[in-house]
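**Q** I have a structure I would like to understand better, so I am pasting it below and will then ask my questions one at a time.
The values are calculated or read from the model by the stated rules, or taken from the named source; none is laboratory data. A quick note: this is a predicted structure, and the numbers were derived from the prediction, not measured. Every residue, glycine as well, gets a Cβ built from its backbone with ideal geometry; the counts of neighbours run over all protein chains shown.
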Ligand SMILES: Cc1ncc(COP(=O)(O)O)c(C=O)c1O
Ligand SMILES: [Zn+2]
């Protein structure tokens, strides 16, 4: 079927038609490709097509990699408001701060754009089962759209993701696989699982649909800013860009984990320029947490390749991508070639303070990962990096589930009879690893446990840790086959399995276990 776009390989420039499930360039095998649309034709047709269309993500369907959007799949994605931060602006002396309120997406994060476009493309391609790795929000968004589309989803989530988020994923019917390890490891396990079963796996920036979905943030911002402020002025001065019908902000600010958002938004502004709709790209401010800031370190040292952070040290697990890989290199290269910008980091405490400020001043309850961007913006205004007359758009990326407990703890109310002066702001750092995971297991919830590992000493270690913690009935198996028999015989409440068992046995154990809807899945690497 002919299409309104093609994909081009970023390594060898080979151009080819798009297939949702093909992941490599046919010529060089490269995995990094992006879409090209017919901008010359769209220059003429798009402005007319936009007239009278609803303000949602599919408004820009001619620039999305889905041939025929399926109305039954939509949940009202995109078209989020652009809200002027009047009070925050006053506090900071910046009258033109605008909040792109992505909390108002169907599952309350900007990842809804990615899920809506990807699931639509997969449905169009006849895909029935898919795999993702996530720090929480991606899994929630994909789960909602996959449920609607009747696509079976496997979500590999690090065990540090707050349980409230995991439960929401499970509620949609997704197979949840908790991975005791960091996010980069969860991605590896998910990719390996998908490879062995020949399933589609979301590959972040390398997936065509994900980047293109995020372009719609740029399209909407440009249209909304123009509605609020009019088209940009055009002083007759050759240092100024030419006049354009739509307006780009001076800054686009976002908290960043893998970097998908800014890569997509930058591509969006590129396309708007190719269509003569805006006259420049904004400067990007990508904000990370101090405890996991590989991109910030590389940027500050003017390095094109980021050194991975092996052990992220932050409470904000949503942003814990330790190894940004080529995404950083690409993003840096493009920022330098376009509107410039910066990578900055903030502490967890600064983010938590920003959460209070944004809620109390603007009436927006945001999650910690989003607060990271606000904290970054506050620092940048204070340091003079952002000037008072500049137009700033900040992506209010999400508030998927109540997470205030994680941030303000249980001491948020004062007791009238026994007043407490000091409300502690300390939150204990979540630990990772086998021991930490086992410490979270309780004999009340999981009295009967099957331990599957091919090493006897590992099984013995797990047995000893559990026995020290409570009264368990424990069973052991040393390979996948005997584990499955044992699970069928004993119906355990919990299975602790070494995913890296030989011959992919770990995954088959998982299947046998998750076939029974009454049991929870618990996995250890
Ligand atoms: C709320 C929120 N903000 C920011 C990010 C960072 O997104 P990106 O993948 O664009 O780096 C995420 C990623 O999951 C997120 O959920
Ligand atoms: Zn190629």
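**Q** Condition check: free of Cβ contacts under 8 Å to residues at least 60 places away in the same chain and within 11 Å of ligand 1 (Cβ to nearest atom). Does residue 109 satisfy that?
**A** no
**Q** A follow-up question, please. Sort through 306, 248, 320 and tell me the only one that's surrounded by 24 or more Cβ atoms within 10 Å (Cβ to Cβ), on the phi < 0 side of the Ramachandran plot, without any contact (Cβ under 8 Å) to a residue 24 or more places away in the chain and in contact with a helix residue (DSSP H, G or I) (Cβ under 9 Å, 6 or more places away or on another chain).
**A** Going through 306, 248, 320 in turn, just one is surrounded by 24 or more Cβ atoms within 10 Å (Cβ to Cβ), on the phi < 0 side of the Ramachandran plot, without any contact (Cβ under 8 Å) to a residue 24 or more places away in the chain and in contact with a helix residue (DSSP H, G or I) (Cβ under 9 Å, 6 or more places away or on another chain): 306.
**Q** Does any residue of the stretch 33-40 turn out to be surrounded by fewer than 16 Cβ atoms within 10 Å (Cβ to Cβ) and either within 16 Å of ligand 2 (Cβ to nearest atom) or assigned to a loop (DSSP other than H, G, I, E, B) (or both)?
**A** Yes, the stretch 33-40 contains a residue that is surrounded by fewer than 16 Cβ atoms within 10 Å (Cβ to Cβ) and either within 16 Å of ligand 2 (Cβ to nearest atom) or assigned to a loop (DSSP other than H, G, I, E, B) (or both).
**Q** May I ask you to list the residues in the stretch 60-70 that are under 30 Å from residue 364 (Cβ atoms) and free of Cβ contacts under 8 Å to residues at least 60 places away in the same chain?
**A** 61, 69, listed by residue number.
**Q** Answer with yes or no whether residue 311 is modelled with pLDDT under 95 and either within 30 Å of residue 42 (Cα to Cα) or in a loop (DSSP other than H, G, I, E, B) (or both). Working first, answer last.
**A** Values: modelled with pLDDT under 95: yes; either within 30 Å of residue 42 (Cα to Cα) or in a loop (DSSP other than H, G, I, E, B) (or both): yes.
Against the criterion (modelled with pLDDT under 95 and either within 30 Å of residue 42 (Cα to Cα) or in a loop (DSSP other than H, G, I, E, B) (or both)), residue 311 qualifies.
**Q** Which one is farthest from residue 441 (Cα to Cα) among residues in the stretch 451-469 that are at pLDDT below 80 and surrounded by 13 or more Cβ atoms within 10 Å (Cβ to Cβ)?
**A** Residue satisfying both the conditions and the ranking: 458.
**Q** Further question: For residues in the stretch 476-516 being part of a strand (DSSP E or B) and touching a helix residue (DSSP H, G or I) at 6+ places or on another chain (Cβ under 7 Å), which is modelled with the highest pLDDT?
**A** Selected residue: 476.
**Q** Next up: Inside the stretch 1-22, can you point out the residues that are under 25 Å from the mean Cα position of the chain (by Cα), touching a residue at least 24 places away in the same chain (Cβ under 8 Å) and within 16 Å of ligand 2 (Cβ to nearest atom)?
**A** Matches in the stretch 1-22: 7, 8, 9, 10, 18, 19.
**Q** Residue 98 - would you say it is more than 16 Å from ligand 2 (Cβ to nearest atom) and in a helix (DSSP H, G or I)?
**A** no
**Q** Separate question: Out of the residues in the stretch 319-330 that are near ligand 1 (Cβ under 10 Å from one of its atoms) and assigned to a helix (DSSP H, G or I), which is nearest to residue 161 (Cα to Cα)?
**A** Per the criteria, the residue is 319.
**Q** Is at least one residue of the stretch 148-161 in a helix (DSSP H, G or I), away from ligand 1 (no atom under 16 Å from the Cβ) and modelled with pLDDT of 95 or more? Walk me through how you get there before you give the answer.
**A** Our first condition is that a residue be in a helix (DSSP H, G or I); within the stretch 148-161, this holds for 148-149.
From what's left, away from ligand 1 (no atom under 16 Å from the Cβ): 148-149.
Checking the rest, the ones that are also modelled with pLDDT of 95 or more come to 148-149.
Checked the stretch 148-161: at least one residue is in a helix (DSSP H, G or I), away from ligand 1 (no atom under 16 Å from the Cβ) and modelled with pLDDT of 95 or more.
**Q** Quick one: which residue in 35, 80, 74, 68 is farther than 16 Å from residue 272 by Cβ and touching a strand residue (DSSP E or B) at 6+ places or on another chain (Cβ under 9 Å)?
**A** 80
**Q** Of everything in the stretch 174-187 that's part of a helix (DSSP H, G or I) and in contact with a strand residue (DSSP E or B) (Cβ under 8 Å, 6 or more places away or on another chain), which residue is surrounded by the fewest Cβ atoms within 10 Å (Cβ to Cβ)?
**A** Taking the stretch 174-187 and keeping what is part of a helix (DSSP H, G or I), we get 183-187.
Then drop every residue that is not in contact with a strand residue (DSSP E or B) (Cβ under 8 Å, 6 or more places away or on another chain), which leaves 183, 185-187.
On the way: 183: 28, 185: 19, 186: 27, 187: 26.
Filtering first and then ranking leaves 185.
**Q** Return the residues of the stretch 369-392 that are within 15 Å of ligand 1 (Cβ to nearest atom) and either at pLDDT below 95 or within 13 Å of residue 253 (Cβ to Cβ) (or both); say none if nothing qualifies. Give the steps one after another, and end with the answer.
**A** Initially, the stretch 369-392 is screened for residues within 15 Å of ligand 1 (Cβ to nearest atom), giving 369-377.
Selection gives 370, 371, 372, 373, 374, 375, 376, 377.
**Q** Related question: When residue 232 is evaluated against the numbered criteria (1) within 24 Å of residue 377 (Cβ to Cβ); (2) modelled with pLDDT of 95 or more, which criterion, by number, is the only one it fails?
**A** Tallying (1) within 24 Å of residue 377 (Cβ to Cβ); (2) modelled with pLDDT of 95 or more, residue 232 fails exactly one: (2).
**Q** What number of residues in the stretch 51-85 are in contact with a helix residue (DSSP H, G or I) (Cβ under 8 Å, 6 or more places away or on another chain), over 19 Å from residue 102 (Cα atoms) and exposed (fewer than 15 other Cβ atoms within 10 Å of the Cβ)?
**A** Residues that pass the stated criteria total 4.
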